[in-house]
Amino acid sequence: MFLNMFRKAVTIPGVARSLSRSSAKGGTKQEKYGINGLMKPRGFSSLGVEAQQKETIISRTMHPSDANLAGNVHGGTILKMIDEAGSIVTMRYFNKGDKREKVCFTALARFDEIDFIRPMHIGEIAQIEAEVSYVSQRSMEVQVKVFAENLFKGTRRQTNRASLWYVPVKDLVYIDEKNGVKESKRRKKIVVADSLPPKQYSSSEEEEAGKKRYLKQRADRKIRAAQTNLACDSSSNQSKDQTIELVHVVLPDDCYSNENAQGGTILKLMDTAAGMMAIKYCKTGAVTASIEAVDFLNTITLGQIVHIRARPVFTSSKSMEIEVTVRAEDAVSGITFPALSATFVFVSLDENDRPLEIKPLDPPATAAEKREREEAKVRYEKRQQARRKKLEAKLI
């Protein structure tokens, strides 16, 4: 199945070479095919191509190895590319100028908002655009848009949007645990650089809106720190029938050059665990619809073992919430610590990719579970309200 999908959408060998020749009916390569020898999709203007070049753009063909069980592009693959684009644009921003202290990388601190608008298909070209939208003294907000381009149909559509926060990293240093175990010095923490170059905004309103987002995410981050610790503890008490667990060793391929695990890699593992849980519960295909804010509270580094647990916490008629927690373990000392948690929203699909009804969860057995369901219902109602506002805005 994947091979047939791939053959229908990818370029044919030799086509790129033929594009370098001018058309017999007139028109240069740049006029007809745009940059990189790729045909401009219908509706693209020269101004649009130039505007795209002002932002960070990552482009690559989606291969069968990027697919989920439904045959579309894996949501975790999209998350990993979003993080990569965010890392590039923030490193460029921080290291600009000759008078600044140079650092080698930035670290993902928070995924503030992630929407899966439309599926991306195998054989299409994924294009990720990112730009720094707000800068505080020690953090940067990045707005990301993901597009899927079909080279044969000449179409391009938006599939995802996300808002992320990064911090500039000056160093990774070893820390001591309270118990003073010598091997615990293998655990590291991030040392954030003291300041960032100021950003020039187009208006005072733009700067004020960014500041409001910054203050909101700071307040949310403090709340989620306590929630993550609680979620990691409660998930370990769930029965195996109610959870999915993945165990992964952080290898060099999962890390930046400083041995710090890439945020996108961890998110892809979390999305995989959540997807497995959704399929196990629904007994059908399932895809990621959205992800609540994600805060990276503790550093995960090379050689550590990550334990990823996923469990359902709420269902509506057409969607379900799955809580995913991540604990990291030092294999030498045996010390474990909570790293992050997130809430993934999945929808169940039939063979024609149409939403199916989802059976309700069993009634809560404890007061804690009842409170958890009530909180999840509030989040669901907020998402529904936000979706209605977006639809109304499009109609105006």
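The values are calculated or read from the model by the stated rules, or taken from the named source; none is laboratory data. All of these numbers come straight from a predicted model, not from anything done at the bench. With ideal geometry, Cβ positions are generated from the backbone for all residues, glycine too; neighbour counts draw on all protein chains shown. Calculation scope for accessible area: heavy atoms of the full protein, side chains included, ligands and nucleic acids excluded. Shrake-Rupley method; radii C 1.70, N 1.55, O 1.52, S 1.80 Å.
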Could you sort 195, 348 by accessible area so the largest value comes first, with the probe set to 1.4 Å?
195, 348
Using θ = phi - 60° and Karplus 6.51 cos²θ - 1.76 cosθ + 1.60, couplings along segment 347-360 (whole Hz; Gly, Pro as x)
10, 8, 10, 8, 5, 9, 6, 9, x, 10, 6, 10, 5, x
Under the rule of at least 5 residues apart or a separate chain, name every residue whose amide H is placed under 5 Å from the amide H of residue 123.
62, 63
Going residue by residue through segment 80-88, the Karplus relation 6.51 cos²θ - 1.76 cosθ + 1.60 with θ = phi - 60° gives ³J(HN,Hα) values, rounded to whole Hz and with x marking Gly or Pro, of 5, 5, 4, 5, 4, 5, x, 4, 5
Distance in nm between residue 60 and residue 381 label points, each 7 Å along Cα→Cβ, equals 4.3 nm
With every protein chain present, what accessible area does residue 152 have (1.4 Å probe, heavy atoms only), rounded to the nearest 10 Å²?
110 Å²
Any chance you could look up the accessible area of residue 157 with a 1.4 Å probe, heavy atoms only, rounded to 10 Å²?
60 Å²
Residues of segment 265-284 with amide N under 20 Å of a point placed 7 Å along Cα→Cβ from residue 357:
279-284
Could you put 141, 205 in order of accessible surface area, largest first, with the 1.4 Å probe and the full protein assembly present?
205, 141
Using a 1.4 angstrom probe on the protein heavy atoms only, line up 79, 349 by accessible area, largest first.
349, 79
Accessible area of residue 155, 1.4 Å probe, to the nearest 10 Å²?
60 Å²
With label points built 7 Å along Cα→Cβ from the Cα atoms of residue 199 and residue 258, find their separation and express it in nm.
2.0 nm
